[in-house]
């Protein structure tokens, strides 16, 4: 066999191996996309169902088999929802709770988690375990003692019991932030110290900018918790003008006539800000992914 | 960065201030706010009643009108808070009573739940005010058990509802039944139901009757009508395993097995609510149903063309003939109330027929004293449904069953048991025995 023909054969073998490899990669990629698509559909169906129900007539709500999309969408459900209860007042009240809660959660938990992860002190791990143990207590157990405490402080029927505690740490957020902060190389702090930075400067100039992704997560969780909280405002507020959206939802429901379609319209309206927040914050999550490369 | 950090601190402080300021105005003392806030309170001489109302929707509007009329008449300011279920089942009232910051008056739309508070010693007694309320001797017998615990009065019923059998008269005629002779016994009810049921091959087109829809699905309805004791207050023991209780679930299961539980489940899952035009009685999917007087209003609004009659609920031999369950809205004074006298004044005002009048007119609900029936417009018009309601309410077999401190739990457990019998074809006797053993411990 001549040399050019051997080379041709080798080229052919290489090309077919390459084709096989790209075919294999193609299948792998398609499988990944199909899997992702299945999961995406699973998560999207409940939201789609919520939107669909919010546009149905009462008679279409419980049809069997399920009606995927109303025959004629009832946009008036949204108008009815706005006129059924003081939506804007309750939205304002909810925001009065959400904003301080988000700020309080970020500031206080970041400080505490910094202490548990970046500073060395005696019994640090033991104290951290005690902090975690407080997560075991459900709200039902602490509800009455907390109510008594806030009553003594004359905070009942104010927003203070629903906002101030968020400025004093939350064990779950502390845990979340601590685990993240432990992953940031200590050398960064040492270098900053050599450059003359004090501990507080290291905290806000070096560590916090790197912790943006996890701080975003904390902010979203704090937002969601307060936005959806029903029992907290119910227990502490006794003035209808101070009620939040989640309490307002309950007021729409009549004892004999739950008005599901209007409730669903409220459900869509209440979900929108959460979606908007997520899309705004999404890029920080992506930052979090790129950050993981830095660790290597 | 320094700037960003300072902005963050500024934001935090501002947010806290906003939250704090909003409380200073609204919160530190609601009474203070109202006392200083408007002309009405100065007219009331600072007398303020803190009242929790359970109403929502249309009933909430009616309650607001009642409050406005009370304020106008008495000059007493009412601070009303609309709380789901009056705060009874969500911890709000419990926390308020424990914290000695309970409202002066609470109204509840679930008498069994309210009774559990009375049984747990969380309420003040009305005993010294009963005469003032004018309830004394006029009260119909079915309300006495609900009002009292251990001989003391803790709950005052504002108004009540009764349960009846609704039947479609056109369907009766079509099936060759006399609309003037509705069923009076369970045996007749079953026969009528069979005649009224329409099948299309194996598919159900119309059910003559389904025992567990509407108020028939409530935990205590059929137990009460079949004559079961459910709970013996003299011994403090549950009585769930007698033959009458077992008969209820066997009877229900007979329907389930006859028409196939899965098929019935699918058929009933498409039913609309009581106040929707898709309710099965309105759409003609069911020919008879057991529900309360409020349904007459729903039929008027959503199905004015449906011709119907109402009758006493049929019972088996040994059952509670001419009986009904009463479903009352009740007033209660929680422990720690600071203005009992104002609460009494408000309740007295609320019991007046002219105040309850619009409520009675709309829902055909009933007063709790027989003499007040005469003042209701339905009576004046000679309405036959209202006449029947009056007869049922005065019956010795009208009442509120299972008044115990665990009524809400008992109700939930019995509903689960009912589903277990109907859909899983389980033996009710064994299930009832197990439930009785379990809940009797909770009662002690």
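Here are the numbers for this structure:
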{"quantity": "Verdict on residue B:295 being within 12 Å of chain A (Cβ to nearest Cβ), in contact with a strand residue (DSSP E or B) (Cβ under 8 Å, 6 or more places away or on another chain) and under 15 Å from residue B:168 (Cα atoms)", "calculated": "yes"}
{"quantity": "Selection from region A:192-212 of residues that are surrounded by 20 or more Cβ atoms within 10 Å (Cβ to Cβ) and more than 13 Å from chain B (Cβ to nearest Cβ)", "calculated": "A:211"}
{"quantity": "Residues (farther than 15 Å from residue A:111 by Cβ and touching a residue at least 60 places away in the same chain (Cβ under 8 Å)) located in region A:185-215", "calculated": "A:185, A:186, A:189, A:210, A:212, A:213"}
{"quantity": "Strands (runs of 3 or more DSSP E) completely within region B:83-181 that count 2 or more residues being within 14 Å of the chain's Cα centre (by Cα)", "calculated": "B:105-108, B:156-159"}
{"quantity": "Failed condition for residue B:352, given (1) more than 14 Å from chain A (Cβ to nearest Cβ); (2) within 18 Å of the chain's Cα centre (by Cα)", "calculated": "(2)"}
{"quantity": "Residue check for residue A:245: modelled with pLDDT of 90 or more, under 24 Å from the mean Cα position of the chain (by Cα) and surrounded by 19 or more Cβ atoms within 10 Å (Cβ to Cβ)", "calculated": "yes"}
{"quantity": "Flag if residue B:342 is surrounded by 21 or more Cβ atoms within 10 Å (Cβ to Cβ), touching a strand residue (DSSP E or B) at 6+ places or on another chain (Cβ under 9 Å), more than 11 Å from residue B:62 (Cβ to Cβ) and at pLDDT below 90", "calculated": "no"}
{"quantity": "Selection status of residue B:380, under 21 Å from residue B:216 (Cα atoms) and surrounded by fewer than 17 Cβ atoms within 10 Å (Cβ to Cβ)", "calculated": "no"}
{"quantity": "Test set (1) in contact (Cβ under 8 Å) with a residue 40 or more places away in the chain; (2) under 24 Å from residue B:270 (Cα atoms); (3) within 13 Å of chain B (Cβ to nearest Cβ) - residue A:74 fails condition number", "calculated": "(3)"}
{"quantity": "The one condition in (1) within 14 Å of chain A (Cβ to nearest Cβ); (2) more than 30 Å from residue A:85 (Cβ to Cβ); (3) buried (at least 19 other Cβ atoms within 10 Å of the Cβ) that residue B:48 fails to fulfil", "calculated": "(2)"}
{"quantity": "The listed residue being assigned by TED's automatic domain parsing to the domain that holds residue B:86 and either at pLDDT 95 or above or out of contact with any helix residue (DSSP H, G or I) (no Cβ under 7 Å at 6 or more places or on another chain) (or both), out of B:333, B:313, B:301", "calculated": "B:333"}
{"quantity": "Residues satisfying the stated conditions in region B:197-214, i.e. over 13 Å from residue B:255 (Cβ atoms) and touching a strand residue (DSSP E or B) at 6+ places or on another chain (Cβ under 8 Å)", "calculated": "B:198, B:199, B:205, B:206, B:214"}
{"quantity": "Elements of type helices (runs of 4 or more DSSP H) contained in region A:113-167, each with 2 or more residues being over 26 Å from residue A:188 (Cα atoms) and within 14 Å of chain B (Cβ to nearest Cβ)", "calculated": "A:139-152, A:160-163"}
{"quantity": "Residue match in region B:227-240 (condition: buried (at least 17 other Cβ atoms within 10 Å of the Cβ), at positive phi and more than 14 Å from every other protein chain (Cβ to nearest Cβ))", "calculated": "yes"}
{"quantity": "Every residue from region B:246-265 that is modelled with pLDDT under 95 and either within 17 Å of residue B:314 (Cα to Cα) or assigned to a loop (DSSP other than H, G, I, E, B) (or both)", "calculated": "B:260"}
{"quantity": "Qualifying positions in region B:65-79 - without any contact (Cβ under 8 Å) to a residue 60 or more places away in the chain and over 22 Å from residue B:160 (Cβ atoms)", "calculated": "B:68, B:71, B:72, B:75, B:77, B:79"}
{"quantity": "Meets criteria (outside the structural domain of residue B:139 (by TED's automatic domain parsing) and either surrounded by fewer than 19 Cβ atoms within 10 Å (Cβ to Cβ) or within 23 Å of residue B:322 (Cα to Cα) (or both)) for residue B:416", "calculated": "yes"}
{"quantity": "Residues that are more than 15 Å from residue B:157 (Cα to Cα) and more than 10 Å from chain A (Cβ to nearest Cβ), drawn from region B:103-115", "calculated": "B:104"}
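The values are calculated or read from the model by the stated rules, or taken from the named source; none is laboratory data. Quick caveat, the model's predicted, so the values are computed rather than measured. So basically every Cβ, Gly included, is an ideal-geometry build from the backbone, and we count neighbours across all protein chains shown.
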